[in-house]
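Notes follow once the structure below has been shown.
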Amino acid sequence: MKNKTNLIKYIVCVLLIISSCGPKRPADVKKEVSFDFGDVVPFQQLKEEIEGTIVTGIGFSEKRANLVLAREAAITSALADLARKVETKLEGVWKRTMADWTEYMKDGVNEAMSIEEMKSMIKNIVDTELRGPWLIQEKIQKSTGRYWVRILLSSATVEKWLKQRMNTEALLRKYIIESQIKKVQEDLQKDLDMLKDKEKKDVQSIKEIIKE
């Protein structure tokens, strides 16, 4: 019995020693994780992004001796992020515009018929328009040595790119009743004039953001 008691005491002591050697839980894990997460991207989300008036693309490159190469790599990364967001924006504009044209549509035309046209046009816009020059913010993160870039683009610019391409006789003839093509073109031109004015204001706002 005595031996059994001594064995139990020995086991308890060993367990206590092992537990004291293991990693200790930080006093405030949640706070530490939150801090680390906040430090990952050195750009705060803009209210204009939430409102949908500005589209942004964020990218980075790892620490490099040559800052020119680091900057180029970061811009390429940011462009990839921006392209995904622009594609989503363009798809929304296309579908909304097609829905607005319902009363002018030819019989038998539906949204599914325009999907391939939409994909082709979006690809063309991304390939040709996302080349710059850009309004950008740049930061070098001391803790990691990463070079960060954020590209800022007016949502009005994105919508303008698409509606300029939609406002063509060849495309409209595929979907719109002949007698209504002129009416649709006039509406599109009004939209484009409004978007160009909004684009100018947005660009000025973006320049102010970059100065901060």
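The values are calculated or read from the model by the stated rules, or taken from the named source; none is laboratory data. Because the structure is predicted, anything quoted here is derived from the model rather than measured. No Cβ is skipped: glycine too gets one built from the backbone with ideal geometry, and neighbour counts run over all protein chains shown.
A few comments on the model shown:
- Search result, residues across the range 150-167 that are more than 20 Å from Ala80 (Cβ to Cβ), assigned to a helix (DSSP H, G or I) and not aliphatic (A, V, I, L, M): Glu159, Lys160, Lys163, Gln164, Arg165
Okay, residues lined up against (1) in a helix (DSSP H, G or I); (2) at pLDDT below 95:
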site	(1), (2)
Thr5	yes, yes
Lys9	yes, yes
Val12	yes, yes
Pro26	no, yes
Gln44	no, yes
Val55	no, no
Arg84	yes, no
Glu91	yes, no
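- Among the candidates Lys142, Lys63, Lys47, residue that is touching a Lys or Arg at 6+ places or on another chain (Cβ under 7 Å), basic (Lys, Arg), surrounded by fewer than 17 Cβ atoms within 10 Å (Cβ to Cβ) and farther than 30 Å from Leu172 by Cα: Lys63
- Looking only at residues in the range 118-152 that are polar (S, T, N, Q) and over 23 Å from Gln44 (Cα atoms), the one that is farthest from the chain's Cα centre (by Cα) is Ser120.
- The range 160-195 - residue that is within 13 Å of Asp100 (Cβ to Cβ) and not aliphatic (A, V, I, L, M) and, of those, farthest from the chain's Cα centre (by Cα): Gln180
- Selected residue (criterion: surrounded by the most Cβ atoms within 10 Å (Cβ to Cβ)) from residues of the range 122-134 that are modelled with pLDDT of 95 or more and in contact with a Leu (Cβ under 9 Å, 6 or more places away or on another chain): Ile122
- In the range 57-82, the residues that are hydroxyl-bearing (Ser, Thr, Tyr) and in a helix (DSSP H, G or I): Thr76, Ser77
- Filtered residue count, the range 129-149, keeping only those that are part of a loop (DSSP other than H, G, I, E, B) and not hydrophobic (A, V, I, L, M, F, W, C): 9
- Selected residue (criterion: modelled with the lowest pLDDT) from residues of the range 201-212 that are among the charged types (D, E, K, R) and more than 18 Å from Gly52 (Cβ to Cβ): Glu212
- Selection count, the range 95-104, where residues are among the polar types (S, T, N, Q) and either assigned to a loop (DSSP other than H, G, I, E, B) or surrounded by 17 or more Cβ atoms within 10 Å (Cβ to Cβ) (or both): 1
- Residue match in the range 105-122 (condition: closer than 27 Å to Glu212 by Cα, without any contact (Cβ under 8 Å) to a residue 60 or more places away in the chain and either in contact with a Pro (Cβ under 7 Å, 6 or more places away or on another chain) or not in a helix (DSSP H, G or I) (or both)): no
- Residue match in the range 179-190 (condition: part of a strand (DSSP E or B), of a type in the set (Gly, Ala, Ser) and either modelled with pLDDT of 95 or more or surrounded by fewer than 13 Cβ atoms within 10 Å (Cβ to Cβ) (or both)): no
- Checking each residue of the range 159-172 against the condition of being among the acidic types (Asp, Glu), in contact (Cβ under 8 Å) with a residue 60 or more places away in the chain and under 30 Å from Lys63 (Cβ atoms) gives no match.
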